[in-house]
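The values are calculated or read from the model by the stated rules, or taken from the named source; none is laboratory data. Remember, it's a predicted structure, so these values are computed and weren't measured experimentally. Ideal geometry is used to build each Cβ from the backbone, glycine not excepted, and the neighbour counts take in all protein chains shown. Just the protein is used for accessible areas: all its heavy atoms, side chains included, with ligands, DNA and RNA removed. Shrake-Rupley method; radii C 1.70, N 1.55, O 1.52, S 1.80 Å.
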Amino acid sequence: NLNVLDYFHVLPNNRSIFLLELTGLRFGMIGLLCMVFLFLPISRGSILLRLIDIPCEHATRYHVWLGHITMTFFSLHGLCYVVGWTIQGQLLELLFEWKATGIAVLPGVISLVAGLLMWVTSLHTVRKNYFELFFYTHQLYIVFIVFLALHVGDYMFSIVAGGIFLFILDRFLRFCQS
């Protein structure tokens, strides 16, 4: 991150905020890359899982760990920006911003809140003792995905679209079979 400072004209008193936001941007990108694989293991009839000989039970375990990793990076992403905007004194102004072009912040906040709700209810003790709460809260994945797409835009969303498409195709085929 420090080498990037040479390419931008950042005032010395704004360097720490710039580095914090740049770190947050990178956490978000790593979270997107983890999300590429998040939806693949939960497609029960997936041809990919059959090709690499992974049973559904193991695939679910991969999904759980990928979910933890993804939400950790997305939480760090949001935290970096919240801290940076708080230091600048622009937290409320920037938190509710929804630009027509570029990054829209408010959809990212909505997506993160939906993701955090899914994450908290997927913890082992909650999932074990309150399975229905876990199950119905996980239906927020629709809100999570839609607002993530609105947050990052079509170009960045295309990174994760393949895995999501395969998951939606699997859900559709299971719906048609039932």
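Tally the residues that are of a type in the set (K, R) and at pLDDT 90 or above, restricting the search to the stretch 16-72. Going through the stretch 16-72 one residue at a time, the tally reaches 1. Restricting the first member to the stretch 32-50 and to residues that are farther than 17 Å from L112 by Cα, and the second to residues that are modelled with pLDDT under 75, the beta-carbon pairs closer than 8 Å and six or more apart or on different chains are L40/S46; L40/L48; L49/S43.
Just one residue in the set F27, F8, F37 is hydrophobic (A, V, I, L, M, F, W, C) and closer than 22 Å to D170 by Cβ; that residue is F37. Does at least one position in the stretch 118-125 carry a residue that is over 18 Å from S75 (Cα atoms) and open to solvent by 50 Å² or more (accessible area, probe 1.4 Å)? So far as the stretch 118-125 goes, yes, one or more of its residues are over 18 Å from S75 (Cα atoms) and open to solvent by 50 Å² or more (accessible area, probe 1.4 Å). For H151, state whether it is touching a Gly at 6+ places or on another chain (Cβ under 7 Å) and part of a helix (DSSP H, G or I). So H151 fits the description; yes.
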